[in-house]
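These notes are about the structure you will find just below.
Values quoted throughout were computed directly from the atomic coordinates according to the rules given, and no laboratory measurement underlies them. What you see is a predicted model; the values in this text were computed from it and never measured. Reconstructed Cβ throughout: ideal geometry from the backbone, glycine too, with neighbour counts over all protein chains shown.
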Amino acid sequence: MASEVTDEKLDECCLTEYHPLPGTPRGQIIKIADITTYYVSGTDNASKNKAIVLLTDIFGLSKNPRITADELSEKSGFDVYIPDLFNGDGIAPSFREGTPEVPGETMSIGTRISFAGKFVTTLAPWLFRHRQAVTLPIVDKFFKTLRSENGVTRIQAVGYCFGGLYALLAGSKEHHLADVVVGCHVSLTNRTNYEQLDVPVAFVCAQEDYQFTDALRAEAEQILSRKSEIPSKFLLTEGTVHGFAVRPNPNNPVLMKAYKQANDFIVEWAKTYL
């Protein structure tokens, strides 16, 4: 069963964000399957068997995913959970400093050199520490415990960037951990991930995305169009780049409009298929 805990490391992380969304997280930190989890209770008491699970990007359980979980819960009425897949080892959100925030924006030469260095010293080792052989068993344990010990029978997995891959795996024929899936500017995916999907799936897409490229999106659309038995939908937002659906610049009204649009899209998908 879930138990409420205090995690100073996560509380400190919650206060640090490169572009913090406005507001204060209203949920609580609990433990599920010994995994530190952010939980916000939904208002629909008749639907406590349904839940939305957010799978984060490489920056983990910082403030913005929590604020996003709060908004999704408020709009849907469902309980929302965010497991800390990295056990406090998320990359600092400041890693994003200097990266493009709008389409057509490029990094300066100095920023490119700095980012290349950070890739070698920070991102590459992190990706190895949290490779699929390590992360997927954590996802598996969390979803199965949520069902077996918390009375949840229907789950929508919502994955952002790095977490997008695990949302797709959760909705695959092989794993079937989730009943509904949404991928937001997904990363590290390939053709097989789309071919294996076996549940209603939707995608939140950026106008410009170096990970979920136009070509990969077109391939995913083509594959899913042949799966007539599986509902699928793609939301393409204007004026956005990779990461906007959870870490937009709150001072940019175009990005904030797209962020809200993404949340409404996720809620609509949950209400329709969860």
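Which one of V158, L136, I223 has its Cα pushed farthest toward the positive end of the charge dipole of the chain, where Lys and Arg give +1 and Asp and Glu give -1 at the Cβ?
Result: I223.
Evaluate the charge dipole of the chain about its Cα centre and quote only its size in Debye, nearest 20, assuming +1 on the Cβ of each Lys and Arg and -1 on the Cβ of each Asp and Glu.
With only Lys, Arg, Asp and Glu charged at Cβ, the dipole is about 300 debye.
Can you pull out the trypsin sites (Lys or Arg not before Pro) in the stretch 69-170 that DSSP calls coil and that have at most 14 other Cβ atoms within 10 Å?
Of the trypsin sites (Lys or Arg not before Pro), the ones in loops of the stretch 69-170 whose Cβ has at most 14 other Cβ atoms within 10 Å are R131.
Determine the gain in length on full extension of the stretch N251-R147; use 0.36 nm per residue of separation and subtract their C-alpha separation, reporting nm with one decimal.
Contour length minus the Cα-Cα distance gives 33.5 nm.
Rounded, prolate or oblate: pick one for the chain, where a ≥ b ≥ c are the square roots of the eigenvalues of its C-alpha gyration tensor, a/c under 1.5 means rounded, and failing that, prolate if a/b is larger than b/c, else oblate.
Rounded, since a/c falls under 1.5.
Just check the stretch 180-274 against the gyration tensor rule for me: Cα atoms, a ≥ b ≥ c as the square roots of the eigenvalues, rounded for a/c under 1.5, and otherwise prolate or oblate depending on whether a/b exceeds b/c.
oblate
Go through K31/K75; K144/K233; K63/K227; K48/K141 and tell me which ones have a Cα-Cα distance over 29 Å in this structure.
Among K31/K75; K144/K233; K63/K227; K48/K141, the Cα-Cα distance tops 29 Å for K63/K227.
Taking the Cα centre of the stretch 212-263 as origin, work out the dipole magnitude from +1 charges on Lys and Arg Cβ and -1 charges on Asp and Glu Cβ, in debye rounded to 20.
Magnitude of the dipole: close to 200 debye.
Could you compute the FRET efficiency for S225 and L188, with r as their C-beta to C-beta distance and R0 at 22 Å, rounded to 0.05?
0.45
Using alpha-carbon pairs under 8 Å, 6+ residues apart, how would you state the relative contact order of the chain in percent?
19
Under a straight-distance cross-link criterion of Cα-Cα below 22 Å, which lysines are reachable from K118, leaving out those fewer than 8 residues away in the same chain?
Correct list for K118: empty, as no lysines qualify.
Of the listed peptides 168-179, 38-49, what is their order by residue-averaged count of other C-beta atoms within 10 Å, with the highest listed first?
168-179, 38-49
Assuming 0.36 nm per residue, please report the length gained on full extension of the stretch D89 to Q28 beyond their Cα-Cα distance.
20.0 nm
Going toward the positive end of the dipole of the stretch 186-274, with +1 on Lys and Arg Cβ and -1 on Asp and Glu Cβ, which of Q211, P200, A270 do you reach last?
The one lying farthest along the dipole's positive direction is A270.
Multiplying the sequence separation of S114 and A133 by 0.36 nm and subtracting their Cα-Cα distance, what value in nm do you get?
Extending this stretch completely gives an extra 3.9 nm.
Rounded, prolate or oblate: which fits the stretch 54-143 when a ≥ b ≥ c are the square roots of the eigenvalues of the alpha-carbon gyration tensor, with rounded for a/c under 1.5 and prolate only if a/b beats b/c?
It is oblate, given that a/c is not under 1.5 and a/b is not larger than b/c.
Which value, in debye to the nearest 20, describes the size of the charge dipole of the stretch 93-226 about its Cα centre when Lys and Arg Cβ atoms bear +1, Asp and Glu Cβ atoms bear -1, and nothing else is charged?
Rounded to the nearest 20 debye, it is 460 debye.
Taking every DSSP beta bridge with both residues inside the chain, roughly what % is antiparallel (nearest 5)?
Antiparallel bridges make up about 35 percent of those DSSP assigns within the chain.
What is the calculated FRET efficiency for D214 to E74, with r their C-beta to C-beta distance and R₀ = 45 Å, to the nearest 0.05?
Computed FRET efficiency for D214 and E74 comes out at 0.85.
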